[in-house]
Amino acid sequence: MIFEHRSYTVAHGKMDSYLERYERYALPLQKKHLGRLLGFFVSDVGPLNQVLHIWVYDDMADRERRRAALEADPAWHEFKRMNAGTFVAQEVKIMRDTRFCPHHV
């Protein structure tokens, strides 16, 4: 099992509108294509204006297949167009669980 840790820094003053767009347009698409959302968070202390999502996949092949399906959806490209200028940084990490990780996903 792998965990995709996606963090975005949102431009100052754009967080509320981004979260509204994300919940309305992107979240249903991502749940349909990507599957297992472990969590979606916003920063409260430390570096601000950050959003973090964590997605769970069986393996890299599962992730690649699911991400390709998302990229093939025209509605996803429309959402990406709506977000022009929203982000100032993005970071994606692939994490694997340890044998003693207490997750149940």
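Please treat every number below as a calculation from the coordinates, not as lab data. The model shown is predicted, which means the values in this text are computed figures rather than measured ones. Using ideal geometry, Cβ is built from the backbone for each residue, glycine included, and neighbour counts are taken over all protein chains shown.
The table below gives the values:
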quantity	calculated
Test for Ala75: is it surrounded by 11 or more Cβ atoms within 10 Å (Cβ to Cβ) and part of a helix (DSSP H, G or I)	yes
Test set (1) aliphatic (A, V, I, L, M); (2) assigned to a loop (DSSP other than H, G, I, E, B); (3) surrounded by 14 or more Cβ atoms within 10 Å (Cβ to Cβ) - Leu29 fails condition number	(2)
Selected residue [assigned to a helix (DSSP H, G or I) and either under 13 Å from the mean Cα position of the chain (by Cα) or surrounded by fewer than 13 Cβ atoms within 10 Å (Cβ to Cβ) (or both)] from Ala61, Ala84	Ala61
Qualifying position, being in contact with a helix residue (DSSP H, G or I) (Cβ under 8 Å, 6 or more places away or on another chain), among the hydrophobic types (A, V, I, L, M, F, W, C) and surrounded by fewer than 16 Cβ atoms within 10 Å (Cβ to Cβ), among Leu19, Leu37, Leu48	Leu37
Conditions (1) farther than 18 Å from Pro28 by Cα; (2) without any contact (Cβ under 8 Å) to a residue 60 or more places away in the chain; (3) exposed (fewer than 11 other Cβ atoms within 10 Å of the Cβ); number of the one not met by Arg96	(2)
Condition met for Val92 (assigned to a strand (DSSP E or B) and over 12 Å from the mean Cα position of the chain (by Cα))	no
Subset of the stretch 1-45 [basic (Lys, Arg) and under 29 Å from Arg65 (Cβ atoms)]	Arg6, Arg21, Arg24, Lys31, Lys32, Arg36
